[in-house]
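To keep things clear, I will list the structure first and then write my remarks on it.
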Amino acid sequence: MRYQLKPIFCRPWLLNGLSLKLIESHYENNYGGALRRLNATTEQLESLDFAKAPGYVVNGLKRDELVALNSTLLHELYFASLGGDGKPTETLAEALARDFGSVDRWRNEFVAMASGLAGGSGWVLLVYVPRDHRLVNQYAADHGQAVAGGVPILALDMYEHAYHIDFGANAKAYIDAFMRNVDWTAVEGRYEDALKVEPPRPLVQKEFGDLPGIAVEEVRAMLDSGKAVQFIDARPRHYVSRTQDIIEGAVWRDPERVQEWAAELSKSDPVVVFCVYGFHVGCRTAITLREAGFDARYMKGGHSAWKATGGPIRMNT
């Protein structure tokens with residue numbers, strides 16, 4: 001497979017404060033160099049006998065491929081980010097305000113991250129994360145870093161080659177010039193494309209598909225706020241006797257004897273039930289309680305998820 005060069009569409013001679021010489025040198029030498037390295041590495045990989053090649057050779061080539069490929073992709077995004085008036089479109093302004101608090105706060109963070117890379121090397125990226133349906137600013141201290149599953153829509157190159165010709169060591173002036181030239185209409189187009197990327201498929205327990213669940217974080221918020229909630233630890237007896245710890249605020253009840261202890265619960269307050277991992281035992285217990293007329297939900301991820309989030313635990317005496 002051979003990778004092909006992508007042309008510049010940002011009309012570099014019209015950029016405000018970034019010289020034609022700088023952009024041409026960046027494009028031809030740095031982007032072009034990354035593409036040439038990528039194709040050379042690809043050629044080596046295609047000719048390699050993986051059944052016989054030493055591990056260090058394979059690892060070295062795949063590392064070189066990763067760096068060159070990411071450098072190529074990010075340079076293409078960098079040039080595609082230029083050519084505008086630096087003013088976010090209404091759509092992007094709303095998205096930035098939603099995810100960062102305000103456009104100014106997003107800008108301040110983005111610029112601060114770039115300033116932190118001055119004199120060093122790396123990228124500052126605006127990335128959409130489909131899993132969380134939100135935008136984040138991301139450092140990439142080298143070409144190999146990326147938010148797993150993220151879709152970058154704006155890239156600022158902070159390697160010295162991106163600004164030395166015009167600005168010398170004055171990285172701040174370069175950052176300011178970049179921000180003045182961001183093509184937010186193009187960024188919006190990439191954002192719209194990113195919104196179409198489906199998040200990771202959720203884990204579904206088909207047999208309990210209609211049973212309402214609640215996230216650990218939501219349960220903690222309910223307890224912290226003092227909201228009345230009946231918090232039931234329904235881990236099997238043999239598991240509880242082995243671990244001897246329990247979530248703060250929860251009461252253990254034997255899931256095999258639901259009919260007996262259900263009478264102790266109030267039907268006016270919600271019930272949250274959990275087991276070890278948030279699967280069958282907790283779900284079955286919640287179903288039994290709902291059939292008895294209680295507002296019961298199971299806690300997703302169970303006891304283990306609570307501990308993973310740092311939730312308070314006490315010894316079950």
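The values are calculated or read from the model by the stated rules, or taken from the named source; none is laboratory data. None of these values were measured; they are calculated from a predicted model. Methodologically, a virtual Cβ is constructed for each residue, glycine included, from the backbone with ideal geometry; neighbour enumeration extends over all protein chains shown. Accessible surface areas use protein heavy atoms only, side chains included; no ligands, DNA or RNA. Shrake-Rupley method; radii C 1.70, N 1.55, O 1.52, S 1.80 Å.
Anything in the stretch 1-41 that is in a helix (DSSP H, G or I), under 30 Å from the mean Cα position of the chain (by Cα) and closer than 15 Å to LEU73 by Cα? List them, or say none. If the condition is that a residue be in a helix (DSSP H, G or I), under 30 Å from the mean Cα position of the chain (by Cα) and closer than 15 Å to LEU73 by Cα, then HIS26, TYR27, ASN30, TYR31, GLY32, GLY33, ALA34, LEU35, ARG37, LEU38, ASN39 are the ones that fit. In the stretch 147-189, the residue that is surrounded by the most Cβ atoms within 10 Å (Cβ to Cβ) out of those that are more than 23 Å from the chain's Cα centre (by Cα), among the acidic types (Asp, Glu) and farther than 15 Å from VAL111 by Cα is ASP183.
Right, TRP306: over 30 Å from the mean Cα position of the chain (by Cα), surrounded by 12 or more Cβ atoms within 10 Å (Cβ to Cβ) and on the phi < 0 side of the Ramachandran plot or not? In short, no.
Could you check how many residues of the stretch 240-289 are aromatic (Phe, Trp, Tyr) and open to solvent by less than 50 Å² (accessible area, probe 1.4 Å)?
Let us first name the residues in the stretch 240-289 that are aromatic (Phe, Trp, Tyr), namely 252, 261, 274, 277, 279.
If we keep only those that are open to solvent by less than 50 Å² (accessible area, probe 1.4 Å) as well, we get 261, 274.
Summing the residues that are aromatic (Phe, Trp, Tyr) and open to solvent by less than 50 Å² (accessible area, probe 1.4 Å) in the stretch 240-289 gives 2.
Restricting the first member to the stretch 97-116 and to residues that are more than 12 Å from LEU156 (Cβ to Cβ) and without any contact (Cβ under 8 Å) to a residue 24 or more places away in the chain, and the second to residues that are among the small types (Gly, Ala, Ser) and open to solvent by less than 60 Å² (accessible area, probe 1.4 Å), the beta-carbon pairs closer than 8 Å and six or more apart or on different chains are VAL103/ALA93; VAL103/ALA97.
Taking into account only those residues within the stretch 190-215 that are open to solvent by less than 30 Å² (accessible area, probe 1.4 Å) and either modelled with pLDDT of 95 or more or of a type in the set (Ser, Thr, Tyr) (or both), which is farthest from the chain's Cα centre (by Cα)?
If we filter the stretch 190-215 for residues that are open to solvent by less than 30 Å² (accessible area, probe 1.4 Å), which is where we start, we get 191, 194, 208, 211, 213-215.
With the extra rule that they be either modelled with pLDDT of 95 or more or of a type in the set (Ser, Thr, Tyr) (or both), the set shrinks to 191, 194.
Details: TYR191: 15, ALA194: 13 Å.
In this case the residue turns out to be TYR191.
There is no residue in the stretch 94-101 that is surrounded by fewer than 18 Cβ atoms within 10 Å (Cβ to Cβ), more than 30 Å from LEU14 (Cβ to Cβ) and modelled with pLDDT under 95.
Scanning the stretch 24-47 turns up at least one residue that is touching a His at 6+ places or on another chain (Cβ under 6 Å), among the polar types (S, T, N, Q), surrounded by 16 or more Cβ atoms within 10 Å (Cβ to Cβ) and touching a residue at least 40 places away in the same chain (Cβ under 8 Å). Look at the stretch 1-18: where a residue is under 17 Å from ASP176 (Cα atoms) and a partner is of a type outside the set (Lys, Arg), sitting 6+ places away or on another chain with Cβ atoms under 6 Å, you get PRO12/LEU20; PRO12/ILE23; LEU15/ASN181; ASN16/ASN181; GLY17/ALA177; LEU18/ALA177. Of all residues in the stretch 117-146, those satisfying the criterion of being touching a residue at least 60 places away in the same chain (Cβ under 8 Å), open to solvent by less than 40 Å² (accessible area, probe 1.4 Å) and outside any strand (DSSP E or B) are PRO130, HIS143, GLY144. If we keep just the residues of the stretch 290-303 that are surrounded by fewer than 20 Cβ atoms within 10 Å (Cβ to Cβ), of a type outside the set (Lys, Arg) and out of contact with any helix residue (DSSP H, G or I) (no Cβ under 8 Å at 6 or more places or on another chain), which is nearest to MET315 (Cα to Cα)? Once the filter is applied, the top-ranked residue is ASP295.
Regarding the stretch 228-238, can at least one residue be identified that is in a strand (DSSP E or B), of a type in the set (Asp, Glu) and buried (at least 18 other Cβ atoms within 10 Å of the Cβ)?
There is at least one residue in the stretch 228-238 that is in a strand (DSSP E or B), of a type in the set (Asp, Glu) and buried (at least 18 other Cβ atoms within 10 Å of the Cβ).
Taking residues in the stretch 153-172 that are over 26 Å from ARG190 (Cβ atoms) and free of Cβ contacts under 8 Å to residues at least 40 places away in the same chain, and partners anywhere that are of a type outside the set (Asp, Glu) and open to solvent by less than 40 Å² (accessible area, probe 1.4 Å), the pairs with Cβ atoms closer than 7 Å and at least 6 places apart or on different chains are PHE167/ALA173; PHE167/TYR174.
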